[in-house]
Each structure stands twice: as C-alpha cells, then as structure tokens.
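**Student:** Right, I'll just put the structure down here and ask away after.
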Amino acid sequence: MSSTTPTPTQHRRNGGDLVVESLAALGADTVFGLPGQHALGVFDALRRSALRYVGLRVENNAGFAADAYARTTHGVAPLLVSTGPGALMTLAALQEAAAGSAAVLAIGSQVPLAGIGGGRHGYLHELTDQSASFRGVVKSVHTARTASQIPSAVAAAWESALSAPHGPVWLEIPQDVLLAEADVPPVTGLEARPRELLPRPELIAAAADRLTQARRPVILAGGGVVRAGAEAELLALAEQLRAPVATTFGGKGAFPWEHPLSLRSWMEDRYTTAFLEDADTLLVVGSGLGELSSNYHTFRPLGRVVQIEADLGKLESNHAALGIHADARAALAALVKEVGEREAGPDGDEDAPGSKAAGAAGRGPGDAPSPEAAVSDLLARVRDRIAGQHLDLEQQVLASVRDALPDGAVSCWDMTILAYWAWSAFDPRRTNALHSAQGAGGLGYGFPAALGVAVADPERPVLAVSGDGGAMYSIAELATARQYDLPVTWLIVDDGGYGILREYMTDAFGAATATELTRPDFVALAESFGVPALRTTPERLRTDLAAALAAPGPSVVVLPAHLRMFAPTHLDS
C-alpha cells in the first residue's frame, strides 16, 4: 500500500475536494469514471458533494459514456480515472471524442510529486511522461501540482473543452496533491468563458456573393452543424438559396430528412459525389471533407468551394476553398442575414440582382431541372442502385429498427454492418438523435454511449446497436445498466465474427482470416446480469424491439443474421 493512502481519520478538506467543488462551481452535475488507488482522494470527495457519480466497469467505456453525454447535453462531461493503466485505457474513447468534437474533461491522477520528472522511481502505475500519451489525442493537456492550482486548472481545462470546436482535454493531478490538506476556502466563484469563434465580416460578404450569384449552389452539412446547434440557420439558408443539402454521417439530423431539398446522407455513393462535384458553388459547413465525407477522397469539385470550419486544422486541409474559420452557427446566422439583405436589394426590390428570383433564373423547366427535381432524381437513382443488389434483408432489418424506435428516441451505433447502413440510409427524425463511432472508428462504442445518453435524459428510451464482436468490448457494462436501471435496449446483431472485416477480406483476398469468433449465449449472459433478453428473427424484430424499448430499465435483443454491405462506388473512380 502506498505511504500516501489515507487512513480513516476525521476529514479535512483536501485537493480532491477542490476538484469536485471546482466542477460543481462550473456547472457540472454528473461525472463518469472508475476509481483507482492514486485517485481515491477525488473519489472520496464525491460523497461530500452533490455531484452524481456514474461508474462503469472499464475506463474506455466510461469515456464513451462521457462522450455521448457531452454530445447529448452540448456541455462538458467530466471523466475521473486513475494513473497509468486506468489513464491509458481512456485513449481510444478520447480519440473518438476528438473526432466527434465531444467536450470530455478527463481528470486523471498521477504518481506522487516526488516521482514526476522522468526518473524511474518505481511507483505503482508510474509512466515516464504520462501526459505525453495524451498530447496527440486531446485538445489540450493541463497539470495541477499544488492544491491552490486545482481550481484554475479545472477552469482552464473546462474552457478549452467547451471552446469551438468542442473536444476532449486531459488534466492530471498527483496523488499527494489530491490528498494534501487544502488551506483555501471552498470553491464558489469559479468561471470559465469558452472562446467565441465569430466569422470575419469580409469573408461572410464574399461567401454570400458567391452563393447568391451561383446557378447551382449546394450545401454539405457536417457534424459541426449538429455540435453548434445550427440546424435552424442551415434550414433558413438552404431555403433562401433553394440549395440542395447533403449531410455527412456525423451531420445526420442537421437537415430534415424528408425536406424537398434533402439529399440525405448517401456519402458513399458515386451519384451523390457527382452531384456535389457539379455544384458551381459548394458550401461545406462543419466538415473537413475527410475520407468518409469525400467518398474515400474521390470527390473532385468542379466549381468553387466555401468552407466554414471551427477546427483550424481542417480548413482547406483537403480542398482549396474560401475558408471561414468560425463556429457553424455564428457563420450560418451571418450568412442568412447577408443573403436576406441581398435578396431584398437596397430598396427592398425582390427582383434585384442576386435576389431569390434572380438566383432561381436558369433553373426552371426551360433551362435545367429545379433544385427539388434534381434532388428527387438523385434519390431515385440511389434507390435503383441499391435495389439492383438484392439486399432485401438488410433494408428490412434497418426499416424494422426505424419503425420500432420512437421518434423522440436516441440511437447509438457501434462499428458494425447495420451501422454502416444507418450512416447512409437511417432517418434520425430529429437533431442530435444518432451517435456513432464513425469519427475514429473504434469498436465498443454503442452500448456505453447509450448509457451516457440515458444518464443525460432518463425519460426517453435509448437504443444501442452492436455486432457480436463489438458487443464483447462492452459486455461488462450490462452490470452498469442494471445498477443504475438505465432505459437502454441493446440490439446485438450476431453473425459469429467481425462481419465487416470478413467482407472486406473476402472481397480483397478471396478469404477471411482472424474474423471468426466464439461468442457466448448473449441472452443467457444478459439474464445473468438481471437484464431481460430475448432472441428474435428479422420477421419479429420490429415487434420485439418495440416491446423492449417500451419496457422500463435495460434490455437486450439478439438478432442472429448475416448482413451484407451495399457495393462501394469509390473503387470505380
């Protein structure tokens, strides 16, 4: 046992108290985590605070839960872990939070101060430079080495996490600092002011000029729109310009699925890629046009690109553009105002150059299809392409999931074939209602993320979707679901292995290796945790899943099925 492990004595306020007091002062009411010996000071302080603690069984899963909680609340999700192995176990989750712009404030302990500095002192969990493991993953790294530094360090980390673009941050505090008596008053007046990222007026004017003069404007909306809460501004601008809107996988829900201008989310489709390429002005909002959003980098714009992006590193990182470094909501609101003023003209003339009437000229029946007709035609071609591949089972299963899920419910998807279908073909029916691990692509996200959503909003049922391979990453969290009685229904599609990797390898090499898995009886395993479970079929899926979602508390539905992906189009380019 470490010499700094506390003994049962009358409590005096310490560094752990300063951590939880600082979090509460900044507005936190919930923390996720998993205790460890070096972090006991902060965990002990939780029982003297009003903070709600949600403990998971694996640190990586705790990180996924915090990620989804942050996405759901648009706020900061504190994550408390211990030194060394506990800290390092969060890295995959923090990578997903970084890719998805989720404001996770990870607070980890450190070895005692005497062991920090690169020497090999032999402390339990000791790393030569623990913070170095996080620098390439998170937005910022913070350290507190005295008790009086803790409130300011927590506030700085909070501010960084919540400044646009949102993202995870790492704060570490040595064990003895967490346990040392704090000779400072309780924290009450702490503030953090996230930096506003406003667009430069001259860039908005230039973007508005290009968009209002365009004959074929198109908008691609990414996850930055959802994270900024800019859906209303996006809708207003699209309708002003009569511009078709496609959403990336991370941007699902940013634009109404059934809107006449909605291209939906068929990003891995050559017809959609060509439609975006053909725009004479393409407005990209909240996306870096990365691998998935560009149909595996086959996208080649023929016209001009305007890009609004809060992450400076993504601005023009893949394509030349009029780059606007700004929060999506602030930039779209400014564009809506600027375009509206141009439509009205200097004296309110609706037919002034650049007005809606003038902008629509040349897009009528005598010249080219209307934007709405062009959208309808594209979606029909996509439907015909998919219909020609005889994927009735896959479409039936996805439709059953959509029909079973109440309109107000949230779904969280692991890296599994059904999720790949959902990225393109699933209507979330409201904003911020679908979360997946497509940013970093790690397995195990779906179920712990759904737990995080349920913690944020326990009045709505939540659906988690995993394959049998991904389910094994987070099977221990059935205990968490039962312990907190969270209303999460977990759909496990059991195909006996890593289905998507099996398909990739078979297509590429003619055979699959290391993809076949021995797995448990998921129904019996769930029931051993006290979680109701059943095995279903594609024909019964809608009914069984709807019943599970309507029941209180957690549940598991297992669907034995071998699903296939639709054919890729980027290989033909």
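The values are calculated or read from the model by the stated rules, or taken from the named source; none is laboratory data. Just so it is clear, the structure is predicted and the values come from calculations on it, not from any experiment. Note: ideal-geometry Cβ built from the backbone for every residue, glycine included; neighbour counts use all protein chains shown. Just so you know, the surface numbers come from the protein's heavy atoms only, side chains and all, with ligands and any DNA or RNA stripped out. Shrake-Rupley method; radii C 1.70, N 1.55, O 1.52, S 1.80 Å.
**Student:** When the stretch 129-148 is examined, which residues are found to be over 20 Å from residue 91 (Cβ atoms) and surrounded by 17 or more Cβ atoms within 10 Å (Cβ to Cβ)?
**Tutor:** First pass over the stretch 129-148, keeping only residues over 20 Å from residue 91 (Cβ atoms): 144-148.
Those that are over 20 Å from residue 91 (Cβ atoms) and surrounded by 17 or more Cβ atoms within 10 Å (Cβ to Cβ): 144, 147.
**Student:** Among the residues of the stretch 57-81 satisfying the criterion of being open to solvent by 10 Å² or more (accessible area, probe 1.4 Å) and in contact with a strand residue (DSSP E or B) (Cβ under 8 Å, 6 or more places away or on another chain), which is nearest to residue 451 (Cα to Cα)? Even if it seems obvious, please write down each step before you answer.
**Tutor:** If we filter the stretch 57-81 for residues that are open to solvent by 10 Å² or more (accessible area, probe 1.4 Å), which is where we start, we get 57-60, 69, 71-76.
Filter again for in contact with a strand residue (DSSP E or B) (Cβ under 8 Å, 6 or more places away or on another chain), leaving 59, 69, 71-72, 76.
On the way: 59: 14, 69: 8, 71: 13, 72: 11, 76: 16 Å.
Applying the filter and picking the extreme gives 69.
For every residue, the table says whether it meets (1) under 15 Å from residue 447 (Cβ atoms); (2) outside any helix (DSSP H, G or I); (3) hydroxyl-bearing (Ser, Thr, Tyr).
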residue	(1), (2), (3)
57	yes, yes, no
63	yes, no, no
71	no, no, no
79	no, yes, no
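**Student:** Moving on to the next point. Can you find a residue in the stretch 531-541 that is open to solvent by 10 Å² or more (accessible area, probe 1.4 Å) and among the aliphatic types (A, V, I, L, M)?
**Tutor:** Residues of the stretch 531-541 that are open to solvent by 10 Å² or more (accessible area, probe 1.4 Å), as a first pass: 532-535, 537-540.
Next cut, among the aliphatic types (A, V, I, L, M) only: 533-534.
Yes - at least one qualifying residue is present in the stretch 531-541.
Here is a yes/no grid of residues against (1) buried (at least 21 other Cβ atoms within 10 Å of the Cβ); (2) among the hydrophobic types (A, V, I, L, M, F, W, C); (3) in a loop (DSSP other than H, G, I, E, B); (4) in contact with a Gly (Cβ under 8 Å, 6 or more places away or on another chain):
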position: 83; (1), (2), (3), (4): yes, no, yes, yes
position: 87; (1), (2), (3), (4): yes, yes, no, yes
position: 93; (1), (2), (3), (4): yes, yes, no, yes
position: 96; (1), (2), (3), (4): yes, no, no, yes
position: 102; (1), (2), (3), (4): yes, yes, yes, yes
position: 109; (1), (2), (3), (4): yes, no, no, yes
position: 118; (1), (2), (3), (4): no, no, yes, no
position: 121; (1), (2), (3), (4): no, no, yes, yes
position: 127; (1), (2), (3), (4): no, yes, yes, yes
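**Student:** Would you point out the residue of the stretch 371-395, among those that are without any contact (Cβ under 8 Å) to a residue 12 or more places away in the chain and of a type outside the set (Gly, Ala, Ser), that is least open to solvent (accessible area, probe 1.4 Å)?
**Tutor:** First, the residues of the stretch 371-395 that are without any contact (Cβ under 8 Å) to a residue 12 or more places away in the chain: 373, 377, 380, 383-384, 387-388, 390, 392.
With of a type outside the set (Gly, Ala, Ser) added as a condition, the list becomes 377, 383-384, 390, 392.
Values: 377: 78, 383: 138, 384: 108, 390: 143, 392: 114 Å².
Among those residues, the one meeting the criterion is 377.
**Student:** Among the strands (runs of 3 or more DSSP E) confined wholly to the stretch 396-469, which include 2 or more residues that are among the hydrophobic types (A, V, I, L, M, F, W, C)? Walk me through it before giving the result.
**Tutor:** Numbers: elements: 410-413, 434-436, 462-467.
Correct list: 410-413, 462-467.
**Student:** Checking the conditions here, which among 191, 196, 258, 268 is open to solvent by 10 Å² or more (accessible area, probe 1.4 Å), in a loop (DSSP other than H, G, I, E, B) and within 30 Å of residue 16 (Cα to Cα)?
**Tutor:** Values: 196 fails: within 30 Å of residue 16 (Cα to Cα); 258 fails: within 30 Å of residue 16 (Cα to Cα); 268 fails: within 30 Å of residue 16 (Cα to Cα).
Step by step, each of 191, 196, 258, 268 is checked, and only 191 is open to solvent by 10 Å² or more (accessible area, probe 1.4 Å), in a loop (DSSP other than H, G, I, E, B) and within 30 Å of residue 16 (Cα to Cα).
**Student:** Now, a different point. Is there any pair with a first residue in the stretch 276-299 that is at pLDDT below 90 and a second that is of a type in the set (Asp, Glu) whose Cβ atoms are under 6 Å apart and which are 6 or more apart or on different chains, and what are they?
**Tutor:** 295/268
**Student:** Answer yes if at least one residue in the stretch 507-530 is more than 24 Å from the chain's Cα centre (by Cα), open to solvent by 60 Å² or more (accessible area, probe 1.4 Å) and in contact (Cβ under 8 Å) with a residue 24 or more places away in the chain, and no otherwise.
**Tutor:** yes
**Student:** Scan the stretch 213-249 for residues that are part of a helix (DSSP H, G or I) and of a type in the set (S, T, N, Q) and jot them down.
**Tutor:** Within the stretch 213-249, 213, 240 qualify.
**Student:** Can you give me the number of residues within the stretch 396-450 that are among the small types (Gly, Ala, Ser), closer than 15 Å to residue 545 by Cα and open to solvent by less than 30 Å² (accessible area, probe 1.4 Å)?
**Tutor:** Keep residues of the stretch 396-450 that are among the small types (Gly, Ala, Ser), which gives 399-400, 404, 408-409, 411, 419, 422, 424-425, 433, 436-437, 439-442, 444, 446, 449-450.
Those left that are additionally closer than 15 Å to residue 545 by Cα: 399-400, 404, 409, 411.
Add one more test, that the residue is open to solvent by less than 30 Å² (accessible area, probe 1.4 Å), and what stays is 400, 404, 409, 411.
The total comes to 4.
**Student:** Tally time: how many residues in the stretch 167-186 are outside any helix (DSSP H, G or I), modelled with pLDDT of 95 or more and out of contact with any strand residue (DSSP E or B) (no Cβ under 7 Å at 6 or more places or on another chain)?
**Tutor:** Selection size over the stretch 167-186: 1.
**Student:** Now, a different point. Does residue 153 satisfy being without any contact (Cβ under 8 Å) to a residue 24 or more places away in the chain and either hydrophobic (A, V, I, L, M, F, W, C) or crowded, with 24+ Cβ neighbours inside 10 Å (or both)? Give the steps one after another, and end with the answer.
**Tutor:** Details: without any contact (Cβ under 8 Å) to a residue 24 or more places away in the chain: yes; either hydrophobic (A, V, I, L, M, F, W, C) or crowded, with 24+ Cβ neighbours inside 10 Å (or both): yes.
When the stated conditions are applied, residue 153 passes them.
**Student:** Can you tell me which of 220, 237, 241 is over 24 Å from residue 75 (Cβ atoms) and within 21 Å of the chain's Cα centre (by Cα)? Walk me through how you get there before you give the answer.
**Tutor:** Values: 237 fails: within 21 Å of the chain's Cα centre (by Cα); 241 fails: within 21 Å of the chain's Cα centre (by Cα).
220 is the lone residue from the list that is over 24 Å from residue 75 (Cβ atoms) and within 21 Å of the chain's Cα centre (by Cα).
**Student:** Residue check, residue 274 against (1) open to solvent by 10 Å² or more (accessible area, probe 1.4 Å); (2) over 21 Å from residue 299 (Cα atoms), all met but one. Which one?
**Tutor:** The number of the failed condition is (2).
**Student:** Looking at the stretch 463-478 only, could you name the residues that are of a type outside the set (S, T, N, Q) and more than 16 Å from residue 398 (Cα to Cα)?
**Tutor:** Passing the criteria: 468, 469, 470, 471, 472, 473, 475, 476, 477, 478.
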